[in-house]
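The values are calculated or read from the model by the stated rules, or taken from the named source; none is laboratory data. If you're wondering where the values come from, they're calculated on a predicted model, not measured in any experiment. Here the Cβ positions follow ideal geometry from the backbone for every residue, glycine too, while neighbour counts run over all protein chains shown. Quick note on the areas: whole protein, heavy atoms, side chains included, nothing else; ligands and nucleic acids left out. Shrake-Rupley method; radii C 1.70, N 1.55, O 1.52, S 1.80 Å.
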Amino acid sequence: MPSLVNLFLVLFMASSSLYFLLIFLSISSFTLLSQSQTSSKLNKFVLPIHQDNKTDLYVANIYKRTPLLQIPFVVDLNGRLLWVTCEQNYLSSTYRAPQCYSTQCARANTHYCHTCFSKARPGCHNNTCGLMSVNPVTGLTAMSELAQDVLSIYSTQGSNPGPLVKIPRFLFTCAPSLLLQSVLPGNVQGVAGLGHSPISLPTQLASHFGYAGFAPTFALCLAPNGVIFFGDSPYYMLPGLDISLPLGYTPLIISPLGEYYIEVKSIKINNKDVPLNTTLLSIDGRGIGGTKLSTINPYTILEHSIFKSVTEIFTKELSGIPLVKPVEPFEVCFNSKSIDKRTRVGPKVPNIDLVLHDQHAIWRIYGSNSVVEATPGVSCLAFVDGGLNTRAAIVIGAYQMENNLIQFDMARSRLGFSSSLLFFRTSCNNLYFTAIP
C-alpha cells in the first residue's frame, strides 16, 4: 500500500511539474513575443515642430523630467547637444549630474571638471562635468553642467503619432539663463541640437534604440506646423502619401564641427548657368567654403560674388516685372501684384537649380521657396548677401527647405531631398497631428 501511495505522489509531482513547465514556457514565449513586437515598433519617432511668428525660428515642445513636462526648445540642425536653463524651477526626481571622468562624461567627450560656488541645485554641483553650450543665433557660449534626465518622444509607424516612449538617462547640459536672449522666442527654455555629435538628439536616439533596428537617420519637414521624423522612411502625410518616394540623393558631408554640408557644383536659373567662382563651393580642411544647411538662418545666405551673380540673372528672367524699393534683409524686390501667387511654383518665377555632385542630381527651388512676400504688396527674392568673408559660401536657410523633405541618412552618408511637396498635393503641415493623445 505505501508503495502505491508513493507511486501516486511521484506521478502527481511529475504531472504538476510538467504543467508548471508548460505554463512557464507559454509565459516566456508570450513575453518574448511581446518584447519582439514592442522592439519592432520602436524604430521610428516623430517630433512636432512649429515656426515662431516673431523670429521665424522653429520650436519643438519636448517632454522631459519626472513628472513629465513639455518644454519648448529652438531646433538647431547643427547644434551639438540639447541644453536647457536650470536656474529656476527645474523640478525632477530623476535628475542626475554625472561625476568627473565618468562614462557619461567620456561619451560627451568632455574632461573638464565643473565647479559651482552657489547652493547645490540642477546645473550647480561640484566635481561634475562641464561642457560649453551655445546660443546659435548670437554665438554666445557659456560653461554648463552635463546632466541626465528622462526624455520622452512620440513613437510612430510613419504616419500618425503613437504612444510616448521614454529614454530614462538622456544626456544634456544645464546652461545659465544668460544664453536665453531676446533673439530667441520668448517662451523657449533651451536649444535642441540635431548635429553630428556624440550627445545630440538623433545620436542618442540611435544609440538607445539601436537594438530595435532604429536607423541612424532623421528627416526635416519644415512648415508653420511641421515635423521631424527620427528613423528611416516611409514617412506619411495626408492624404496617405509616402513623401519619401520622390527623394533624390547626394553625399552628405560632415564638417570638423559636426555640421551638415553638401557639395554644390553649380547653380542654374531657368537652365542658364550662373557664373561662379567655383573654388568657393568646396569646403576645405578648416571648414571654410562649401554649402551648409541651417534651420537657424531663415533665408539662404550667399557669399557676395555668388549673390550678385544670382540676383543679376534672376532679375533678367523677371525683366517684365517692376522692381520696387527693397525690404530688409532683402535686396531684390518686386511688385507683388505682378506675381500671381498661384504661379509662384510655376513658370512665371524662375526655377533655381542647385546642381549637386553630378549633373543629374538637382535640387530645384521653385517660386514657393525662392520668393517671399516681405510686406503687403512687396515680394522679394528670399536670398541674403552674406558679404565677402563668409565661413560657408552658401548657407541653405529654412525658407528654402520649407515644404521639402530633407533626410539626413548617417548610415549611408547621404542627404535626401524632395524639392517642393506642393507639387504632390501635400505639405509638411499635413501630419496626422489629431492622433496625438
Residue-normalised 222 nm signal for the chain, counting each DSSP H run of n ≥ 4 as -39,500 (n - 2.57), nearest 500 deg cm²/dmol, is -5500 deg cm²/dmol
Where a ≥ b ≥ c are root eigenvalues of the Cα gyration tensor, a/c under 1.5 meaning rounded, otherwise prolate if a/b exceeds b/c and oblate otherwise, the chain counts as prolate
Result row for the chain, helices from DSSP H with C-alpha axial extent 18 Å or more and mean Kyte hydropathy at least 0.5, is 2-41
With a 22 Å threshold on alpha-carbon distance, the violating pairs from LYS54/LYS166; LYS54/LYS348; LYS64/LYS292; LYS272/LYS348 are LYS54/LYS166; LYS54/LYS348; LYS64/LYS292
Whole-percent tail of the Cα-Cα distance distribution for the range 118-268, cut at 20 Å, equals 61 percent
Rounded to whole Å², per residue accessible area for the chain with a 1.4 Å probe reads 46 Å²
Relative contact order as a percentage, the chain, C-alpha pairs under 8 Å and 6+ apart, gives 17 percent
With the dipole of the range 229-310 defined by +1 on each Lys or Arg Cβ and -1 on each Asp or Glu Cβ, the option from TYR299, MET237, LEU276 whose Cα lies farthest towards the positive pole is LEU276
Computed curve, the range 284-389, Cα-only Debye sum without solvent term, log₁₀ I(q)/I(0) at 0.21 Å⁻¹, is -1.24
Descending packing, highest mean Cβ count within 10 Å first, for 263-275, 137-149, 66-78 is 66-78, 137-149, 263-275
Note to self: C-alpha centroids of the range 158-193 and the range 89-130 sit apart, in Å, by 18 Å
Length gained if ALA142 through GLU373 is fully extended, taking 0.36 nm per residue and subtracting the Cα-Cα distance, is 79.5 nm
Cα-based Rg/(2.2 N^0.38 Å) for the range 358-423, rounded to two decimals, is 1.32
